[in-house]
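The values are calculated or read from the model by the stated rules, or taken from the named source; none is laboratory data. Because the structure is predicted, anything quoted here is derived from the model rather than measured. Glycine also receives a Cβ, built like all others from the backbone with ideal geometry; neighbour counts cover every protein chain displayed. Note: areas computed on protein heavy atoms with side chains; ligands, DNA, RNA excluded. Shrake-Rupley method; radii C 1.70, N 1.55, O 1.52, S 1.80 Å.
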Amino acid sequence: MDYEIVIGLEIHSELDTKTKIFCGCSTAFGAEENTQTCPVCLGLPGVLPVLNKKVVEYAVKAGIATDCKIARYSKMDRKNYFYPDLPKAYQISQFDLPICEAGSVEIDLGEYKKTIGITRIHIEEDAGKLIHDAGSGTLADNNRCGVPLIEIVTEPDMRSAEEARTFAEKIKSILEYTEVSDCKMQEGSLRFDVNLSVMKKGAKEFGTRTEMKNLNSFRALERAIEYESKRQIFEIERGNRIIQETRKWDDDKAESFSLRSKEEAHDYRYFPDPDLVPVVLTEDYIDNVKRHLPKLPWVRKAEYMEKWNLSEYDANVLTASKDIAEFFEKTVEACNDAKSAANWIMGEISAVLNEKSLGINEVAFAPEDLGELINLINKNTISGNIAKKVLKEMFETGKAPMSIVEEKNLAQMNDVSELKNMVLDVMKANPQSVEDLKGGKEKAIGFLVGQIMKQTKGKANPGMVNKLIKENLEKF
Amino acid sequence: MKLTKEDVMYVADLARLEFNEEEIEKYVHQLGEILNYEEQLNELDTTGVEPTAHVLPIKNVLREDELVESLDRQKALMNAPSQDKGCFKVPKVIE
């Protein structure tokens, strides 16, 4: 029997503000435990939380970028539950009047495109961090309490792990482009909850769903979906019922297990937070945010294809991350050769970035340097192969390509008379190859060129060498 | 509105409160009376009236995204019944 997998995502993203959502404590990651707290985020009695202006702005930005309706009137609510990472025993969130609703995002799966509905985006505060490895108790670090979040909730529109991953990557790219979040996944700035059910192909009603919380990498997201869908199909095939529950994904063991909570079915008893007043946005405010929104990835992509004739694939890769897109654009500005810039960034440079897990902004050289390197190739100062060596040096030392070329004496040999002498010597020394070439074996020329390249340590202009061999063939 | 013993026990459980039989009986009565009093509001016709989110007619009270000095850690932990390694210590939470 064929099954269809039905997936909806809830994406939590920490906003890139300097301070917390309701107080002036820093949101910086990695500080000493409990050094970024105050009476407001510790939930001490008698304090008054005040909403951070930037949080509203960032949530509106995210809403506009995902084609949502921006609420003219929204409010904050209290979501009540007891957990040691939540000192107030309630989380301030939004319940029935979220700041953004009813949006959509298009994803591109290569063979097809698909629109994923966004149910809502609301703002809320993050909880603290629990450290479980202490012997007798659990330790709470409240630095993260009150760090601003947006939660993006999708419609159950995804049908495979690949669709979910593609969507999640697109959301990451949108949040990075709009500078709403730094999306550092290793720091928990972007986390996914998966709601998943399976149904027989063609069925009209969804099956019972389970929820998996806090997946914090694309790989974990994909693997958790694959595991959970197989588990549900297996249970159904055996005639068992799926229980609606929260499950925890264990990425090390590559399996999910039930979090059978002793608690009552969740009863959060939401109510409007009396300490916080409604947020009312005007048309002017929303228009103003819209006008200042940075160029979004799909706009850039269309430009790359139109202006520089790049393939859709290349344009997709280059615009997926804002940092790469900006690096690329600056490189093109310096060398006016988009195709070469694309090839270098997607090829050699990406390979090194992946190998060393670096971001493009962490490399030792500037995009202008890469532009200069491309210029050196285009002006025949160096060959493509030598350029790879120069690039390697640029990664290590950050020196400008021209100074590397000069220092290491790497400039291409373009001097005809000098090259001609070398060519004649090599031909004299390899009569068999010359014979073969004369006899029509085109391959023999490769050997001769190779000898020259070896002698010149790759600096001879290969095109010129080729030409010289052919020109002097009748002399032998 | 008639409140049951189960209602009181459920609410007590959500609030992490523990009551004996006698107390439960007392709250079935007292809480029930409070709810009955509030029940009077249902006599009003609220068709077309927007739900009230806040009793005061104010909106958009916002602060700039500017850093304010945080509490000294010692002060932050001062009232904690138990602390360890610069953290609040609570009974072991097992997931």
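Quick one: count up the residues across the range A:143-196 that are within 26 Å of A:ASN316 (Cα to Cα) and part of a loop (DSSP other than H, G, I, E, B).
14
Taking the range B:1-48, which residues are part of a loop (DSSP other than H, G, I, E, B) and under 29 Å from A:TYR83 (Cα atoms)?
B:LEU3, B:THR4, B:ALA15, B:ARG16, B:LEU17, B:GLU18, B:PHE19, B:ASN20
Considering only residues that are over 25 Å from A:ALA89 (Cβ atoms) and aromatic (Phe, Trp, Tyr), which ones fall in the range B:1-58?
Scanning the range B:1-58 gives a single hit, B:TYR37.
Can you confirm whether A:LEU358 is outside any helix (DSSP H, G or I), crowded, with 21+ Cβ neighbours inside 10 Å and free of Cβ contacts under 8 Å to residues at least 60 places away in the same chain?
no
Taking the range B:80-95 on its own, how many of its residues are open to solvent by 100 Å² or more (accessible area, probe 1.4 Å) and at the interface with chain A (Cβ under 8 Å from one of its Cβ atoms)?
So the answer is 3.
Which of the residues belonging to the range A:335-348 are crowded, with 16+ Cβ neighbours inside 10 Å and within 13 Å of A:ILE377 (Cβ to Cβ)?
Those that are crowded, with 16+ Cβ neighbours inside 10 Å and within 13 Å of A:ILE377 (Cβ to Cβ): A:CYS335, A:ASP337, A:SER340, A:ALA341, A:TRP344, A:GLU348.
Take the residues in the range A:108-139 that are at pLDDT 90 or above and open to solvent by 40 Å² or more (accessible area, probe 1.4 Å), then tell me which one is farthest from the other protein chains (Cβ to nearest Cβ).
If we take residues in the range A:108-139 being at pLDDT 90 or above and open to solvent by 40 Å² or more (accessible area, probe 1.4 Å), then A:TYR112 is farthest from the other protein chains (Cβ to nearest Cβ).
Looking at this structure, is A:ARG269 assigned to a helix (DSSP H, G or I) and of a type in the set (D, E, K, R)?
The answer is no for A:ARG269.
Based on this model, can you work out whether A:ALA265 counts as more than 10 Å from chain B (Cβ to nearest Cβ) and either on the phi > 0 side of the Ramachandran plot or at pLDDT 85 or above (or both)?
Against the criterion (more than 10 Å from chain B (Cβ to nearest Cβ) and either on the phi > 0 side of the Ramachandran plot or at pLDDT 85 or above (or both)), A:ALA265 does not qualify.
Output the residues belonging to the range A:80-107 that are more than 30 Å from B:ALA12 (Cβ to Cβ) and crowded, with 16+ Cβ neighbours inside 10 Å.
A:LEU97, A:PRO98, A:ILE99, A:CYS100, A:GLU101, A:GLY103, A:VAL105, A:ILE107
Looking at (1) among the hydrophobic types (A, V, I, L, M, F, W, C); (2) in a loop (DSSP other than H, G, I, E, B); (3) over 28 Å from A:PRO272 (Cα atoms), can you tell me which one A:ILE116 breaks?
Among (1) among the hydrophobic types (A, V, I, L, M, F, W, C); (2) in a loop (DSSP other than H, G, I, E, B); (3) over 28 Å from A:PRO272 (Cα atoms), the lone unmet condition for A:ILE116 is (2).
For the range A:396-423, what are the residues that are among the basic types (Lys, Arg) and either in a loop (DSSP other than H, G, I, E, B) or outside the structural domain of A:ILE445 (by TED's automatic domain parsing) (or both)?
A:LYS399, A:LYS408
Within the range A:305-315, is there a residue that is surrounded by 20 or more Cβ atoms within 10 Å (Cβ to Cβ) and assigned to a helix (DSSP H, G or I)?
There is at least one residue in the range A:305-315 that is surrounded by 20 or more Cβ atoms within 10 Å (Cβ to Cβ) and assigned to a helix (DSSP H, G or I).
Look through A:VAL390, A:VAL332 and report the one residue that is assigned to a helix (DSSP H, G or I) and within 30 Å of A:ILE174 (Cβ to Cβ).
A:VAL332
Would you check which residues across the range A:381-413 are over 38 Å from the mean Cα position of the chain (by Cα) and either among the charged types (D, E, K, R) or surrounded by 15 or more Cβ atoms within 10 Å (Cβ to Cβ) (or both) and list them?
A:GLN412, A:MET413
Under the condition of being over 23 Å from A:LYS113 (Cα atoms) and outside any helix (DSSP H, G or I), which residue from the range A:289-304 is modelled with the lowest pLDDT?
In this case the residue turns out to be A:PRO294.
Identify all residues within the range B:41-78 that are over 23 Å from the mean Cα position of the chain (by Cα), more than 14 Å from chain A (Cβ to nearest Cβ) and open to solvent by 100 Å² or more (accessible area, probe 1.4 Å); write none if there are none.
Within the range B:41-78, B:ASN42, B:GLU43, B:LEU44, B:ASP45, B:THR47 qualify.
Name the one entry in A:LEU376, A:LEU370 that is within 30 Å of A:GLN186 (Cα to Cα) and open to solvent by less than 30 Å² (accessible area, probe 1.4 Å).
Going through A:LEU376, A:LEU370 in turn, the sole match is A:LEU370.
Being open to solvent by less than 40 Å² (accessible area, probe 1.4 Å) and among the polar types (S, T, N, Q) narrows it down to one of A:ASN461, A:ASN466, so name that one.
Just a single option satisfies the conditions, and that option is A:ASN461.
Specify the residue that is least open to solvent (accessible area, probe 1.4 Å); the eligible residues are those in the range B:1-40 that are of a type in the set (Ser, Thr, Tyr) and more than 22 Å from A:HIS266 (Cα to Cα).
In this case the residue turns out to be B:TYR27.
Out of all the residues in the range A:148-184, which are open to solvent by 10 Å² or more (accessible area, probe 1.4 Å), within 30 Å of A:PRO87 (Cβ to Cβ) and at pLDDT 95 or above?
A:GLU151, A:VAL153, listed by residue number.
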